[in-house]
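Read through the structure below, which is laid out as structure tokens, and then see the notes.
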Amino acid sequence: MNIIRFDTIDSTSSYLKREWEHLEDSSVVTSHHQTAGKGRLGRTWEDDSGSVVFSVLLKENLDEERIHLLPLLCGTCLYEVLRRYGISSSIKWPNDVLIDGKKCAGILLESVFEKKLEALVVGIGVNVNSLSFDGDLKKKATSLFLSTGRKFDQDRFLLDYLDCFFSSYRKYQNGDDGFLDVLKKHSYLDGKMVLLDYYGENRNCLVLGINDDGSLKVKEKDKVYSVFSGEATLHSNYHPLG
Ligand code: BTN
């Protein structure tokens with residue numbers, strides 16, 4: 001496995017998007033610190049010395065029809081590694097992993113498109129040994145350390161994650177989406193009311209579960225439908241039984 005290590009870089013994902021042509025498939029980039037870490041929906045991603053941040057370049061045998069499953073695969077691998085570490089977590093469709101309802105990891109999937117799809121860059125940030133969070137994040141974020149009181153070897157964590165990721169990804173490339181079973185069992189949103197950003201329109205929906213194709217099954221009033229991508233915010237004022 002080709003792991004490129006930096007002490008400081010703007011963003012491991014931006015690096016791969018610049019250098020994808022010169023690097024081999026499955027290259028991994030990690031850095032102790034990012035000066036311009038990117039989150040989803042144009043947000044920034046802040047790291048500290050306790051974070052593990054890395055990106056993976058995928059450029060061979062890409063399956064355009066099943067790209068939307070990749071963040072889910074990444075999230076299930078995080079769930080799996082945390083389980084092996086004795087930490088119980090859940091996967092918040094489509095991109096986050098939570099411990100006790102607080103986010104400990106985020107996943108950003110980006111593509112390189114030049115006339116056709118050339119490469120995918122999967123960027124992952126995990127709060128491993130982070131000691132504290134400021135402001136608004138205090139309520140919303142956690143780290144493996146904060147939730148267990150234990151410190152983890154950050155390099156070991158990266159290698160354990162990559163082992164899980166590449167083994168799941170090989171299966172996925174062969175059409176085996178077994179990871180969806182893990183997702184279905186440990187999906188955070190099941191049974192919750194969410195405010196769904198549905199193609200720019202806000203909808204209050206009850207989450208019924210995850211479909212076999214990885215989409216989110218939701219119910220709005222009496223209508224059941226499936227959502228393939230988007231942002232689901234927990235709706236604190238609504239309760240399915242209330
Ligand atoms: C999110 O939750 O909004 C996604 C966060 C993804 C952050 C990771 S850290 C490594 C990689 N490089 C980036 O600039 N972003 C991703």
Note to self: Looking at (1) acidic (Asp, Glu); (2) away from the ligand (no atom under 12 Å from the Cβ); (3) in contact with a strand residue (DSSP E or B) (Cβ under 8 Å, 6 or more places away or on another chain), which one does residue 114 not meet, given that it meets all the others?
What the structure shows: (3)
Checklist line | Of the criteria (1) surrounded by fewer than 20 Cβ atoms within 10 Å (Cβ to Cβ); (2) under 23 Å from residue 93 (Cβ atoms); (3) modelled with pLDDT of 95 or more, which one residue 155 fails | finding: (2)
Margin query: List the residue pairs whose Cβ atoms are under 6 Å apart, where the first residue sits in region 34-55 and is small (Gly, Ala, Ser), the second is within 6 Å of the ligand (Cβ to nearest atom) and assigned to a loop (DSSP other than H, G, I, E, B), and the two are 6 or more positions apart or on different chains.
Written below: 36/11; 37/11; 37/45; 39/45
Next item on the list: Of the numbered conditions (1) touching a residue at least 12 places away in the same chain (Cβ under 8 Å); (2) under 26 Å from residue 131 (Cα atoms), residue 83 fails exactly one; give the number of that condition.
Entry: (1)
Checklist line | residue 100 being over 11 Å from the mean Cα position of the chain (by Cα), of a type outside the set (Phe, Trp, Tyr) and more than 17 Å from residue 127 (Cα to Cα) | finding: no
Next item on the list: Kindly list the number of the only condition in (1) assigned to a helix (DSSP H, G or I); (2) surrounded by 14 or more Cβ atoms within 10 Å (Cβ to Cβ); (3) within 8 Å of the ligand (Cβ to nearest atom) that fails for residue 72.
Entry: (3)
Next item on the list: List the number of the failed condition for residue 23; all other conditions in (1) aliphatic (A, V, I, L, M); (2) within 15 Å of the ligand (Cβ to nearest atom); (3) at pLDDT 95 or above hold.
Entry: (2)
Notebook entry, point to check: Given the conditions (1) assigned to a loop (DSSP other than H, G, I, E, B); (2) farther than 18 Å from residue 91 by Cβ; (3) not small (Gly, Ala, Ser), which single one is not true for residue 177?
Noted result: (2)
Next item on the list: Check region 84-92 and report whether any residue there is among the hydrophobic types (A, V, I, L, M, F, W, C), over 16 Å from residue 16 (Cα atoms) and at pLDDT 95 or above.
Entry: yes
Check: Can you find even one residue in region 142-161 that is more than 22 Å from residue 86 (Cβ to Cβ), of a type outside the set (A, V, I, L, M) and out of contact with any helix residue (DSSP H, G or I) (no Cβ under 8 Å at 6 or more places or on another chain)?
Finding: no
Next item on the list: Considering each residue of region 29-54, count those that are away from the ligand (no atom under 11 Å from the Cβ) and either within 19 Å of residue 165 (Cβ to Cβ) or part of a loop (DSSP other than H, G, I, E, B) (or both), and give that number.
Entry: 3
Check: Does residue 112 meet the test of being under 28 Å from residue 181 (Cβ atoms) and β-branched (Val, Ile, Thr)?
Finding: no
Notebook entry, point to check: Just a yes or no: is a residue in region 172-182 among the small types (Gly, Ala, Ser) and within 20 Å of residue 231 (Cβ to Cβ)?
Noted result: no
Note to self: Looking at residue 88 and the list (1) more than 16 Å from the ligand (Cβ to nearest atom); (2) without any contact (Cβ under 8 Å) to a residue 40 or more places away in the chain; (3) within 21 Å of residue 170 (Cα to Cα), which single condition is not satisfied?
What the structure shows: (3)
Check: residue 139: modelled with pLDDT under 95, of a type in the set (Lys, Arg), out of contact with any Leu (no Cβ under 6 Å at 6 or more places or on another chain) and not in a strand (DSSP E or B), yes or no?
Finding: yes
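The values are calculated or read from the model by the stated rules, or taken from the named source; none is laboratory data. From a predicted model like this one, the values you see are computed outputs, not experimental measurements. Cβ atoms come from the backbone with ideal geometry, glycine included; neighbour counts cover every protein chain shown.
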